[in-house]
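Report on the structure given below.
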Amino acid sequence: MASVHESLYFNPMLTNGVVHANVFGVRDWVTPHKMALLVLLSELGRAGPQLGLLERRRLNRLLLPLLQGPDMALSRLRKAIEECCPHLAGSVHIRLKLMAEGELKDMEQFFDDLSDSFSGTEPEVHKTSVVGLFLRHMILAYNKLSFSQVYKLYTALQQYFQKDEKKNGADENEMELTNPEELDGKMEKEELDGPLREEEIACSGPLSQKQAEYFLSQQASLLKNDETKALAPASLQKELNNLLKFNPDFAEAHYLSYLNSLRVQDVFSSTHSLLHYFDRLILTGAESKSNGDEGYGRSLRYAALNLAALHCRFGHYQQAELALQEAIRIAQESNDHVCLQHCLSWLYILEQKIFDSCVLLEHSVNKSLHFGLPYLASLGIQSLVQQRAFAGKAANKLMDALKDSDLLHWKHSLSELIDISIAQKTAIWRLYGRSTMALQQAQTLLSMNSLEAVNVGVQQNNTESFAVVLCHLAELHAEQGYFAAASEILKHLKERFPPNSQHAQLWMLFDQKIQFERAMNDGRYHVADSLVAGITALNSIEGVYRKAIVLKAQNQMSEAHKLLQKLLIHCQKIKNTEMVISVLLSIAELYWRSSCHTIALPVLLQALALAREYSLQYLASETVLNLAFSQLILGIPEQALNILHMAIEPVLAHGAVLDKGCAMFLVAKCQVASAASYTPQKKIEALESAILNLNEAKTYFAKVDCKEQLRDVLYFQARLFHTLGKTQERNKCAMLFRQLHQELPAHGVPLINAFK
């Protein structure tokens, strides 16, 4: 964020105990809190030789945030010093007490003595050091004060100290009334809070320029890297309004207000703050100072570009296109190639909403590389890879392109784009149905982020890439039946991305989808139906598809068919091939249940053609399993067994546990149906092999608690054991079947059920 311009102007007055001395361009003013810091520095200089190395290191680490941060209560400051050096905290308290309970001349003498820190051949403080600059600013600000302002400052110091004394007295009375166990718990909680938590920042008056710069840069960094550690949206907006109340032309505060409004999806406030930011940037001349006459035009074209990005984010594509045309026109007049490349990237995003075009994107990547814009070039490459993935290009070519993009990242140390690239690879492997590879990429990103830390202890793992990877990881665990692990991952996501954060919708959708699948597996269709509304609110296509699945499970075939047909037309229009194939498979299942087996075959062949055209291997394997089931129903189990061998391997290697169970159950059905024409000895071997496959299917179904499928497997096993004359095993399966049959609603259990 650009440095705050020097046109901060505040009238000299007393506001909430803060004396302002910024009349003559002084960038700081004296407050009681800063006087306490001056006392701390004075005592630190006196006690220098007596302090141990560890204590001095702790104090040095504490000083920088104290000097840069906002004012705080004396009790909190004293607690922070006590954690580093208890002896020094006592000396500071005594010195402040003598000054506050003494006379005005004591404060005058204190400021006179501060100048001695720079005297001598070996001064205690160097003039150009951080502490030296702070001392000089405070001395200069104090010397600018009139007599009435000095008196107000002294009165504010007395109130600052007396407020702390009253609080200490109240705490002592509370300690007398509190038992030791409760007191220990309270103190432990206070210690865990830490001395400088951002959530407890409370600006009692206007911040100085340095404090405002520090506050804005820190909050902007937190919003980018770790939103949970930034102030809550309401609290941050309150602080920004406080800053803007005393200086409405503070451009950077308007920009942070714009970022804060984006967190809560507030269209009006974000647009309002963004326009104010560029207005103030032009009015104050901050851009023209650094860019000459070109500054005004630069602000205008980037204002239009940012406005286009804002409208695009909220789905206002017509307004975004108008703003983008304005930005392009101004950039062309100014011959600003960098701005034009950003405009070209956004133009591709806007046109992508209308039709697929790689020409603009390829041109953007080439031009970005030509003008030395690696960040923009990398984003273009990754967008191109994403588009090619949806177009069905081979995975090896896409990974080669991402490898070239990774070379740019490592060459220019673009760590954020490295994370995006790995998240992209995870999503691509999931799209192609290679769950093992997706899991490997997800683990890679998690390992990288656990080692990479940014300033102030912020972990750069609260970005969108991290959220995407964790969501995929939760879904992968749920598919394998590890619901406890998936719940832990989702719990971690909820802590990292609270509901009011901008990436919370990702885990909300995955959480609803996992709950929906569990409810469907357990036969609780009313629970699944109640979850459809939440899924629809987050993703309308997923919500409509799952509503159709619930209707199908509840035997409302005509309603489910109407819904699926509408969804199919919509997905074909927007070219969502993955959902088109899933819808076609559901329509085929509706035809089976309606005894229209021959009508289901063309639908399945259409789905298989699409899956192979777009390299969706897992969906292709699932479609082949459905085709095998159709052949089984049509009375050609031998042909069904032949095509099962070409599809079952990817399912067992990368599929969900439920799909594995269904596949093994289907193999057993085909084996039993084929055994009818075998010799007696060969028939017995085929039936025994089918029983083994049913045992494996039963293990898979039990893992995901799919009781209906378990009931079908037990019924089938009991029939096979009866045929083989194994009475004891038959009775055991019959008993387990009866228990499940009493729990579940009775729909009848035919020998050949639906594939899923």
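Considering only the range 55-73, how many residues are over 19 Å from F134 (Cα atoms) and touching a residue at least 60 places away in the same chain (Cβ under 8 Å)?
Qualifying residue count for the region: 1.
Could you figure out which of (1) surrounded by fewer than 16 Cβ atoms within 10 Å (Cβ to Cβ); (2) among the aliphatic types (A, V, I, L, M); (3) modelled with pLDDT under 80 isn't true of L98?
(3)
Please go through the range 637-656 and give me each residue that is more than 14 Å from G433 (Cα to Cα), within 42 Å of the chain's Cα centre (by Cα) and open to solvent by less than 10 Å² (accessible area, probe 1.4 Å), ordered by number. Steps first, please.
Residues of the range 637-656 more than 14 Å from G433 (Cα to Cα): 637-646.
Subset that is within 42 Å of the chain's Cα centre (by Cα): 644-646.
Across the range 637-656, the qualifying residue is only L644.
Could you tell me whether I599 is β-branched (V, I, T), open to solvent by less than 20 Å² (accessible area, probe 1.4 Å) and either within 30 Å of the chain's Cα centre (by Cα) or within 29 Å of G635 (Cβ to Cβ) (or both)? Steps first, please.
Numbers: β-branched (V, I, T): yes; open to solvent by less than 20 Å² (accessible area, probe 1.4 Å): no; either within 30 Å of the chain's Cα centre (by Cα) or within 29 Å of G635 (Cβ to Cβ) (or both): yes.
For I599, the condition - β-branched (V, I, T), open to solvent by less than 20 Å² (accessible area, probe 1.4 Å) and either within 30 Å of the chain's Cα centre (by Cα) or within 29 Å of G635 (Cβ to Cβ) (or both) - is not met.
Within the range 602-612, is even one residue out of contact with any Leu (no Cβ under 7 Å at 6 or more places or on another chain) and polar (S, T, N, Q)?
Taking every residue of the range 602-612 in turn, none turns out to be out of contact with any Leu (no Cβ under 7 Å at 6 or more places or on another chain) and polar (S, T, N, Q).
Output the qualifying pairs, or none if there are none: Cβ atoms under 8 angstrom, residues six or more apart or on different chains, first residue in the range 401-417 and free of Cβ contacts under 8 Å to residues at least 12 places away in the same chain, second residue assigned to a helix (DSSP H, G or I).
Close Cβ pairs (under 8 Å, with a partner that is assigned to a helix (DSSP H, G or I)) amount to W410/I418.
So, of the residues in the range 101-111 that are part of a helix (DSSP H, G or I) and open to solvent by 90 Å² or more (accessible area, probe 1.4 Å), which turns out to be nearest to L135 (Cα to Cα)? Full working, then the answer.
Our first condition is that a residue be part of a helix (DSSP H, G or I); within the range 101-111, this holds for 104-111.
This time we only want the ones that are open to solvent by 90 Å² or more (accessible area, probe 1.4 Å), so: 105, 109.
Working: K105: 20, Q109: 15 Å.
Ranking the qualifying residues of the range 101-111, first place goes to Q109.
Looking only at the range 670-689, count every residue that is of a type in the set (K, R) and crowded, with 17+ Cβ neighbours inside 10 Å and tell me the total.
Here the count works out to 1.
Going through the range 703-713 one residue at a time, which ones are on the phi < 0 side of the Ramachandran plot and not in a helix (DSSP H, G or I)?
Taking the range 703-713 first, the residues on the phi < 0 side of the Ramachandran plot are 703-704, 706-713.
Hits for the range 703-713 are V704, C706.
Got a number for residues in the range 219-233 being open to solvent by less than 20 Å² (accessible area, probe 1.4 Å) and polar (S, T, N, Q)?
Total satisfying the criteria: 2.
Looking only at residues in the range 122-154 that are polar (S, T, N, Q) and in a loop (DSSP other than H, G, I, E, B), which one is most open to solvent (accessible area, probe 1.4 Å)?
Per the criteria, the residue is T128.
For N642, which of the numbered conditions (1) out of contact with any Phe, Trp or Tyr (no Cβ under 9 Å at 6 or more places or on another chain); (2) at pLDDT 90 or above; (3) among the polar types (S, T, N, Q) fails to hold?
Just one mismatch for N642, condition (2).
Given (1) among the small types (G, A, S); (2) assigned to a helix (DSSP H, G or I); (3) out of contact with any Phe, Trp or Tyr (no Cβ under 9 Å at 6 or more places or on another chain), where does G635 come up short, assuming only one miss?
Of the numbered conditions (1) among the small types (G, A, S); (2) assigned to a helix (DSSP H, G or I); (3) out of contact with any Phe, Trp or Tyr (no Cβ under 9 Å at 6 or more places or on another chain), the odd one out for G635 is (2).
Taking the range 471-515 on its own, how many of its residues are surrounded by fewer than 16 Cβ atoms within 10 Å (Cβ to Cβ) and under 20 Å from E227 (Cβ atoms)?
7
Being more than 25 Å from the chain's Cα centre (by Cα), of a type in the set (D, E) and at pLDDT below 85: is that true of E362 here? Show your work before the answer.
Working: more than 25 Å from the chain's Cα centre (by Cα): yes; of a type in the set (D, E): yes; at pLDDT below 85: yes.
Spelling it out, E362 is indeed more than 25 Å from the chain's Cα centre (by Cα), of a type in the set (D, E) and at pLDDT below 85.
Can you tell me which residue in the range 234-269 is nearest to F134 (Cα to Cα), limited to those that are open to solvent by 20 Å² or more (accessible area, probe 1.4 Å) and within 18 Å of the chain's Cα centre (by Cα)?
Applying the filter and picking the extreme gives L259.
Among all residue pairs at least 6 apart or on different chains, which show Cβ distances below 8 Å where the first residue, located in the range 262-285, is touching a residue at least 12 places away in the same chain (Cβ under 8 Å) and within 19 Å of Q505 (Cβ to Cβ) and the second is open to solvent by less than 40 Å² (accessible area, probe 1.4 Å) and hydroxyl-bearing (S, T, Y)?
Correct list of pairs: L262/S270; R263/S501; S270/Y258; S270/S261.
Say we look at the range 357-368 and pick out the residues that are touching a residue at least 12 places away in the same chain (Cβ under 8 Å) and part of a helix (DSSP H, G or I); which of these is farthest from L340 (Cα to Cα)? Working first, answer last.
Of the range 357-368, the ones touching a residue at least 12 places away in the same chain (Cβ under 8 Å) are 358, 360-365, 367-368.
Next, only the ones that are part of a helix (DSSP H, G or I) stay: 360-365, 367-368.
Numbers: L360: 12, L361: 13, E362: 15, H363: 12, S364: 9, V365: 12, K367: 10, S368: 10 Å.
The qualifying residue farthest from L340 (Cα to Cα) is E362.
I'm trying to understand the selection: among the residues of the range 522-559, which are open to solvent by less than 30 Å² (accessible area, probe 1.4 Å) and over 23 Å from R711 (Cβ atoms)? Give the derivation first.
As a first pass, look at the range 522-559 and keep what is open to solvent by less than 30 Å² (accessible area, probe 1.4 Å): 523, 528, 531-532, 534-535, 541, 543, 546, 548, 550-553.
L531, V532, G534, I535, I541, G543, R546, A548, listed by residue number.
Within the range 230-252, count every residue that is under 24 Å from Q209 (Cβ atoms) and not in a loop (DSSP other than H, G, I, E, B).
First pass over the range 230-252, keeping only residues under 24 Å from Q209 (Cβ atoms): 230-231, 235-252.
Checking the rest, the ones that are also not in a loop (DSSP other than H, G, I, E, B) come to 235-246, 251-252.
Qualifying residue count, the range 230-252: 14.
Just to be sure, is Y700 under 42 Å from the mean Cα position of the chain (by Cα), modelled with pLDDT of 90 or more, on the phi < 0 side of the Ramachandran plot and assigned to a helix (DSSP H, G or I)? Quick ask: steps written out before the conclusion?
Values: under 42 Å from the mean Cα position of the chain (by Cα): yes; modelled with pLDDT of 90 or more: yes; on the phi < 0 side of the Ramachandran plot: yes; assigned to a helix (DSSP H, G or I): yes.
Spelling it out, Y700 is indeed under 42 Å from the mean Cα position of the chain (by Cα), modelled with pLDDT of 90 or more, on the phi < 0 side of the Ramachandran plot and assigned to a helix (DSSP H, G or I).
If you check S594 against the conditions, is it free of Cβ contacts under 8 Å to residues at least 24 places away in the same chain and over 22 Å from M646 (Cα atoms)? So that I can check it myself, show each step before the final result.
Working: free of Cβ contacts under 8 Å to residues at least 24 places away in the same chain: no; over 22 Å from M646 (Cα atoms): yes.
The answer is no for S594.
Would you mind telling me which numbered condition in (1) surrounded by fewer than 19 Cβ atoms within 10 Å (Cβ to Cβ); (2) more than 39 Å from the chain's Cα centre (by Cα); (3) touching a residue at least 40 places away in the same chain (Cβ under 8 Å) L634 fails?
For L634, the failing item is (3).
Using the structure shown, decide if Y678 is touching a helix residue (DSSP H, G or I) at 6+ places or on another chain (Cβ under 8 Å), farther than 28 Å from M579 by Cβ and without any contact (Cβ under 8 Å) to a residue 24 or more places away in the chain.
Values: touching a helix residue (DSSP H, G or I) at 6+ places or on another chain (Cβ under 8 Å): yes; farther than 28 Å from M579 by Cβ: yes; without any contact (Cβ under 8 Å) to a residue 24 or more places away in the chain: yes.
Considered against the rule, which asks whether it is touching a helix residue (DSSP H, G or I) at 6+ places or on another chain (Cβ under 8 Å), farther than 28 Å from M579 by Cβ and without any contact (Cβ under 8 Å) to a residue 24 or more places away in the chain, Y678 comes out as yes.
Collect the residues in the range 71-88 that are closer than 15 Å to E43 by Cα, in a helix (DSSP H, G or I) and open to solvent by less than 30 Å² (accessible area, probe 1.4 Å), keeping them in residue-number order. It would help to see each step written out before you state the result.
Let us first name the residues in the range 71-88 that are closer than 15 Å to E43 by Cα, namely 77-78, 81-82, 84-88.
Add one more test, that the residue is in a helix (DSSP H, G or I), and what stays is 77-78, 81-82, 84, 86-88.
L77, I81, C84, L88, listed by residue number.
Could you check, for the range 560-578, whether at least one of its residues is touching a Lys or Arg at 6+ places or on another chain (Cβ under 8 Å) and open to solvent by 30 Å² or more (accessible area, probe 1.4 Å)? Before the answer, list the steps.
To start, the set of residues in the range 560-578 that are touching a Lys or Arg at 6+ places or on another chain (Cβ under 8 Å) comprises 560, 563.
Cutting the leftovers down to open to solvent by 30 Å² or more (accessible area, probe 1.4 Å) gives us 563.
Yes, the range 560-578 contains at least one residue that is touching a Lys or Arg at 6+ places or on another chain (Cβ under 8 Å) and open to solvent by 30 Å² or more (accessible area, probe 1.4 Å).
Would you mind telling me which numbered condition in (1) open to solvent by 50 Å² or more (accessible area, probe 1.4 Å); (2) modelled with pLDDT under 90; (3) of a type in the set (D, E, K, R) R518 fails?
The failed condition is (2).
The values are calculated or read from the model by the stated rules, or taken from the named source; none is laboratory data. Bear in mind the structure is a predicted one, so any value in this text is a computation, not a measurement. When we count neighbours, we look across all protein chains shown, and the Cβ atoms used for this are built from the backbone with ideal geometry, even at glycine. Each accessible area value is taken on the protein alone, full model and side chains, heavy atoms only, with ligands, DNA and RNA left out. Shrake-Rupley method; radii C 1.70, N 1.55, O 1.52, S 1.80 Å.
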